[in-house]
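What follows is a set of notes on a single structure, which appears directly below.
The values are calculated or read from the model by the stated rules, or taken from the named source; none is laboratory data. Just so it is clear, the model here is predicted, and its values are computed rather than measured. Here Cβ is always computed from backbone atoms with ideal geometry, including for glycine, and neighbour counts include all displayed protein chains.
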Amino acid sequence: MNWELILESIGPIALGAVTGTIPLTLASFSVGIVIAIALALARISGIAWLSGLARAYISAIRGTPLLVQLFVIFYGMPQIGITLDPWPSAIIALSMNVGGYAAEIIRAAILSIPRGQWEAASMIGMSRGQSLWRIVLPQAARVSVPPLSNTFISLVKDTSLCSVILFTELFRVAQRIAAPSGEFLTIYIVAAAVYWVICLALAAGQDRLERKLDRYAV
C-alpha cells in the first residue's frame, strides 16, 4: 500500500464528494420525489389513460439500466438537437430513475392507509383532494420513510455512474488521480472507503429518523 498516495488522495476525493456527489444526490432525489408523487397519484387516480401512462413510465425506467439512461440523455439526445451539459444530464437521468422506483414505494404507502381514514375525512366535509393532502399523505410519508431512505442511500452510490458522462463527482476525481500514477487499486479503495463513510452516516441518520417517527405511530 502506498500510504503517502492514500493520504494525498483522501482530500481531493472527499472534496469531490462534497462538491459533486452530495449536491447531485440531493438535487436528484428532491426532483425524483416530486416525480414519484405525481406518478403514484396517477396510478391510483382511477383515470385509465393516466394510470396507464404512469404504469408505462415506471415499467420503462425500472426495466432499463441507469447507465443506459445516462447514455441516452447525454450522448443520444444531441442527435435530435438537444445537447445538455453533464450536470443537467445527470440530474435528469437520476431524477427520472428515482421517480420510477420511488413511485411504487409511495403508492404502496398510500394504499396501506386504512380506508376508514378516507371515510372519516369525508364525514367532516373534506373533499377527496383535501383528504389526500391533509390526512392520507402525511401518514403515508411516515410509512415510506424506511424504503425511501434506502433509495436515497442507493442514489449516493449510483452517482458514480455519472463519471461516464464526464460529471465531476467523487469517483471521477478518483479516476483522474489514479490515471497518472497507475495506482488504480489503491485509489479505488480510498474512493470506496469515502462512499462507505457517507453511507454509514446516512444509515445512522435513517435509524434516528425512524426511531423519532415511531414515537408518533398509532
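Quick look at the numbers
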{"quantity": "Unmet criterion (only one of (1) part of a helix (DSSP H, G or I); (2) more than 29 Å from V197 (Cβ to Cβ); (3) not small (G, A, S)) for R142", "calculated": "(2)"}
{"quantity": "Residue identified as over 30 Å from Y188 (Cβ atoms), touching a Leu at 6+ places or on another chain (Cβ under 6 Å) and not charged (D, E, K, R) among A54, A38, A48, A17", "calculated": "A54"}
{"quantity": "T151 closer than 30 Å to Y195 by Cβ and either buried (at least 19 other Cβ atoms within 10 Å of the Cβ) or not hydroxyl-bearing (S, T, Y) (or both)", "calculated": "yes"}
{"quantity": "Per-region count, segment 47-79, residues among the basic types (K, R) and more than 17 Å from the chain's Cα centre (by Cα)", "calculated": "1"}
{"quantity": "Looking only at segment 38-80, and only at residues there that are assigned to a loop (DSSP other than H, G, I, E, B) and at pLDDT below 95, the one that is farthest from W133 (Cα to Cα)", "calculated": "I47"}
{"quantity": "Filter result for the condition that a residue is more than 18 Å from I105 (Cα to Cα), among the β-branched types (V, I, T), assigned to a helix (DSSP H, G or I) and modelled with pLDDT of 95 or more, over I33, I22", "calculated": "I22"}
{"quantity": "Tally, over segment 90-149, of residues that are of a type outside the set (K, R) and either touching a strand residue (DSSP E or B) at 6+ places or on another chain (Cβ under 8 Å) or within 20 Å of S28 (Cα to Cα) (or both)", "calculated": "24"}
{"quantity": "Hits in segment 1-52 - residues which are β-branched (V, I, T) and either surrounded by fewer than 14 Cβ atoms within 10 Å (Cβ to Cβ) or within 24 Å of L148 (Cα to Cα) (or both)", "calculated": "V18, T19, T21, I22, T25, V31, I33, V34, I35, I37, I44, I47"}
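Here's the yes/no breakdown for (1) over 19 Å from the mean Cα position of the chain (by Cα); (2) exposed (fewer than 12 other Cβ atoms within 10 Å of the Cβ); (3) under 23 Å from P86 (Cβ atoms):
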residue	(1), (2), (3)
K157	no, no, yes
R176	yes, no, yes
Y188	yes, no, yes
L202	no, no, no
